[in-house]
Every structure is written in C-alpha cells, then in structure tokens.
C-alpha cells in the first residue's frame, strides 16, 4: 500500500497505514538514540555522570523549540521528551552497571 501524506488521506485505512509506517520509523529512530546511550555508558567515567540535569533541560528545551517551529503541541512534546530522557537515563544507568559489573 502506498503511504499517503495525512492531508491526502480519505479513509481510515490510509490514515492507519500512515500511522503504522511512522511508528516503525519512530522505533527505528529510538533504536539509534539508545545506541548513543550505550556509547555514553561506555564513555562516561563514573555512574554519577549519567544523570546530567542541565543536559536534560537542554534536550527538552530543544524539543520544545522544534515543536513550536513545526506547529506541533509544545506541551505534548515536552511531556514525551521528559519521559524519553528519563527512560534513557534509566537505560544508560543499567548499561553502565552491566559494562562495569
């Protein structure tokens, strides 16, 4: 099935195909992002370096700015990024411990 842009969809089947396609792309992007968490866990000198509140704020602010620029609900994106960053920190801590365990 051809994936149509949202504005061109006329059936729920087309909408769902587009959403499913984007979801697969998002998961692939998350896999790439988590590979960077693996690298961070390998590179950081100590466990205390994993949580960096200033960097967390910067990442969320960057996502907010991108949301505004793209006309996406800023609060929704900020909430998603809060969860994503916290999940990334948890993942990185586990990887840090596993690499040094």
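The values are calculated or read from the model by the stated rules, or taken from the named source; none is laboratory data. All values derive from a computational prediction rather than experimental measurement. Cβ: placed from backbone, ideal geometry, glycine included. Neighbour counts: every protein chain shown.
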- Message: Quick check on this structure: which one of 95, 33, 51, 83 is assigned to a loop (DSSP other than H, G, I, E, B) and either at pLDDT 95 or above or in contact with a helix residue (DSSP H, G or I) (Cβ under 6 Å, 6 or more places away or on another chain) (or both)?
- Response: 51
- residue 88, sole failed condition from (1) part of a helix (DSSP H, G or I); (2) loosely packed, with under 15 Cβ neighbours inside 10 Å; (3) in contact with a helix residue (DSSP H, G or I) (Cβ under 9 Å, 6 or more places away or on another chain): (2)
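For every residue, the table says whether it meets (1) loosely packed, with under 12 Cβ neighbours inside 10 Å; (2) within 12 Å of the chain's Cα centre (by Cα).
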residue: 52; (1), (2): no, no
residue: 60; (1), (2): no, yes
residue: 63; (1), (2): no, yes
residue: 67; (1), (2): no, no
residue: 80; (1), (2): no, yes
residue: 101; (1), (2): yes, no
